[in-house]
Structure formats: C-alpha cells, structure tokens
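The next block holds one structure in the form of structure tokens; read it before the comments.
Values quoted throughout were computed directly from the atomic coordinates according to the rules given, and no laboratory measurement underlies them. Keep in mind the model is a prediction, meaning the values are calculated, not measured. Here the Cβ positions follow ideal geometry from the backbone for every residue, glycine too, while neighbour counts run over all protein chains shown.
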Amino acid sequence: MANITACGTVSYQMFITSAGEPGFQHSSSVQHIISYLYEIEFGKDAVPRPGSDEVETLTLMTLDDATVTPTGF
C-alpha cells in the first residue's frame, strides 16, 4: 500500500508468568517485545475500524492532538 510508511519501533521487556500471562512470580521469565510503528494516511471520508480484539477504537488526531508534553517528572 502506497499510503503506509514505517516510522519506528517501540521495544520493552516484561515479566511473563509460567502460565504465559504478564506478571511476576518466582518462576517468571522475561520476554522482550518489539512493536513496529507505521504511519497511515487516510482519505477524508475513510472510517478506520479495528480488525482484531487488540484494539478497541481508532481515533483520528491532528498533529497537535498527538503531540504530548511529558509532565510529572
């Protein structure tokens, strides 16, 4: 698709219990997660809808809406 551009990655580590769930137990292991990020350009009339149960909603945002200044540090 011509309107999708790779724009980065997010990586983190999390504890996984012996049952395969996130959380810490004595027998936990650490799983490294890498998420690939993409920028998608939609037409003005397009209504994006989630395609899996991993996403509840999609929200169209302006650049100002998406720019967050960290606070509380």
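Placing unit charges on each Cβ (+1 for Lys and Arg, -1 for Asp and Glu) gives the chain a dipole about its Cα centre, and among Ser18, Val68, Val55 the Cα reaching farthest toward its positive end belongs to Ser18. For the chain, the dipole from Cβ point charges (+1 on Lys and Arg, -1 on Asp and Glu) about the Cα centre works out to 160 debye, to the nearest 20. Exposure proxy for Met14, Met61: other Cβ atoms within 10 Å of each Cβ, ordered fewest to most, give Met61, Met14.
Here the 3J(HN,Hα) profile of region 43-55, calculated from phi with Karplus coefficients 6.51, -1.76 and 1.60 at θ = phi - 60°, is x, 4, 8, 6, 10, x, 10, x, x, 8, 7, 7, 10 Hz, Gly and Pro shown as x. Expressed as a fraction of 2.2 N^0.38 Å, the C-alpha radius of gyration for the chain is 1.53. Relative contact order of the chain: 27 percent, from C-alpha pairs under 8 Å at least 6 residues apart in sequence.
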